[in-house]
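Asker: Have a look at this one before I ask anything.
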Amino acid sequence: MAWRVCCRLGTQLRRLPGRRHAWGRRDIASCIDPTVGLTEEQKEFQKVAFDFAAKEMAPHMAEWDEKEIFPVETVRKAAQLGFGGIYVQPDVGGSGLSRLDTSIIFEALSTGCVSTTAYISIHNMCNWMIDTFGTEEQRHKFCPSLCSMEKLSSYCLTEPGSGSDAASLLTSARKKGDTYILNGSKAFISGGGDTDLYVVMCRTGGPGPKGISCLILEKGTPGLSFGKKEKKMGWNSQPTRAVIFEDCAVPVANRLGEEGTGFNIAMKGLNGGRINIASCSLGAAHASVLLARDHLNVRKQFGELLASNQVTSSCDSLSFRLAEMATRLVAAPLMVRNAAQALQEGREDAVALCSMAKLFATDECFAICNQALQMHGGYGYLKDYAVQQFVRDIRVHQILEGESCGVLPCSPGCCLPHSGDCMRKEPASVPGTSR
């Protein structure tokens with residue numbers, strides 16, 4: 001069975017990331033040590049996340065994928081460690097950690113299962129949006145159960161006709177007394193149908209971003225329904241469905257922020273979401289490099305280990321390719337962690353840095369995972385080997401949260417000194433926000 005192989009992955013992870021003795025050896029692992037530059041406190045967060053990934057996620061990763069299991073009990077165990085509201089304030093049950101701390105945790109968790117970690121990151125984003133933009137009543141009503149993950153959440157922005165051009169969304173909310181009557185549909189919603197709260201971007205005013213508001217819709221609301229569960233290439237441990245609204249009555253008290261501020265709320269959520277999804281890519285790449293290294297150390301061809309293929313005059317040698325993968329993996333976290341710090345500090349360049357980090361990390365990490373699969377040869381194409389799942393799970397990271405061909409919120413000219421201001425503006429729409 002495929003999931004039995006992932007039990008061995010869990011054993012490998014327990015030996016490698018976050019274990020200090022593993023970094024003392026002069027091998028590829030010492031070059032890609034994810035603890036470099038972290039404070040002692042951050043190393044502790046990271047170790048807890050690595051241990052959870054190795055014990056609670058990696059042994060089940062393949063089974064969740066193959067059987068399309070949404071591991072609710074596992075994510076609730078993660079919430080017991082504080083991972084349900086990592087950057088939510090402590091007075092409503094959150095951990096109150098920084099964006100950098102959050103990135104470190106998601107990077108570590110995703111070594112055990114990218115798909116499940118990605119859902120946890122989406123849930124955290126919704127929780128943070130309520131914590132940040134909600135009233136005190138809303139915060140204390142919704143956030144505690146989200147932090148414990150007793151209740152799960154979904155982010156609803158993308159529609160069948162508005163993915164890249166998110167500001168053109170058509171889902172409408174007409175005010176009627178102390179309620180909004182919500183009509184429309186959302187597409188590609190992670191957790192759709194299985195989650196309890198839906199953070200919905202809808203049109204309460206005229207066209208464009210300033211006509212959009214944000215509502216919190218609770219499962220069980222009359223008129224709320226769901227499409228079929230989508231069959232996906234990856235991310236199979238989280239369900240994806242269309243979310244449909246037919247005359248749903250939503251209390252005005254469930255509106256986040258003022259009318260017309262919903263698009264701004266959505267974009268601020270996605271700034272952190274891009275860092276989170278980039279961090280999930282880092283974890284997948286880290287695990288894949290280690291899997292490739294281990295495979296090269298046991299697989300023989302022409303009477304010798306593949307790891308012995310060290311033709312120093314050739315850039316095609318397997319050892320050179322592994323070193324090239326490690327180089328990419330050293331570079332990508334630098335961008336992601338820098339962007340996370342900028343976002344935490346509220347710097348003017350934070351939006352651009354988040355977009356750049358997401359673009360760079362998701363592209364580079366997919367290349368790393370894909371090369372790791374290639375190094376496995378035909379075995380890498382078999383579901384008995386975990387590397388293929390990392391490839392399938394992170395491919396979508398180049399599409400959602402801003403697809404790689406359009407994620408940057410500026411044109412190349414914006415990098416020039418005379419036009420630097422546009423590097424700091426929120427985009428009028430956000431490419432490829434499918435969630």
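The values are calculated or read from the model by the stated rules, or taken from the named source; none is laboratory data. Please read all numbers here as calculations on a predicted model, not as lab measurements. A quick note on method: Cβ atoms are made from the backbone with ideal geometry, for glycine too, and the neighbour counts reach across all protein chains shown. Just the protein is used for accessible areas: all its heavy atoms, side chains included, with ligands, DNA and RNA removed. Shrake-Rupley method; radii C 1.70, N 1.55, O 1.52, S 1.80 Å.
Asker: Quickly rank 343-352, 76-85, 39-48 as a protection proxy: mean count of other C-beta atoms within 10 Å, highest first. Write down the numbers at each step before the final one.
Answerer: On the way: 343-352: 17.0, 76-85: 20.7, 39-48: 14.8.
Ranking the peptides 343-352, 76-85, 39-48 by packing returns 76-85, 343-352, 39-48.
Asker: For a 30 Å ceiling on Cα separation, which of these pairs sit above it: LYS210/LYS232; LYS55/LYS228; LYS67/LYS151; LYS176/LYS231; LYS175/LYS268?
Answerer: Numbers: LYS210/LYS232 34 Å; LYS55/LYS228 32 Å; LYS67/LYS151 23 Å; LYS176/LYS231 38 Å; LYS175/LYS268 25 Å.
Going by Cα-Cα distance, LYS210/LYS232; LYS55/LYS228; LYS176/LYS231 fall outside the 30 Å limit.
Asker: Which value, in Å², gives the accessible area per residue of the stretch 154-260 when a 1.4 Å probe is used on the protein heavy atoms? Before the final figure, lay out each step's value.
Answerer: Values: 4210 Å² over 107 residues.
Here the per-residue accessible area is 39 Å².
Asker: Cα extents of the stretch 44-194 along the three principal axes, largest first, in whole Å?
Answerer: Rounded to whole Å, the extents work out to 50, 38, 25 Å.
Asker: Ok, one more. Under the 0.36 nm per residue contour assumption, what length would be gained going from the current alpha-carbon distance of GLN89 and ARG395 to full extension?
Answerer: Values: separation 306, 0.36 × 306 = 110.16 nm, distance 3.22 nm.
Residue separation times 0.36 nm, minus the Cα-Cα distance, leaves 106.9 nm.
Asker: With a point put 7 Å past each Cα toward its Cβ, work out how far VAL36 is from THR327 in nm, to one decimal.
Answerer: Distance between label points: 1.4 nm.
Asker: At 7 Å along Cα-to-Cβ for each site, give me the label-to-label distance between LYS210 and LYS175 in nm.
Answerer: 1.6
Asker: ARG347 versus LEU334, label points 7 Å from Cα toward the beta carbon: distance in nm?
Answerer: Spacing of the two 7 Å Cα→Cβ label points: 1.4 nm.
Asker: Excluding residues on the same chain fewer than 8 positions from LYS229, give the aspartates and glutamates whose Cα lies under 12 Å from its Cα.
Answerer: GLU68, ASP194
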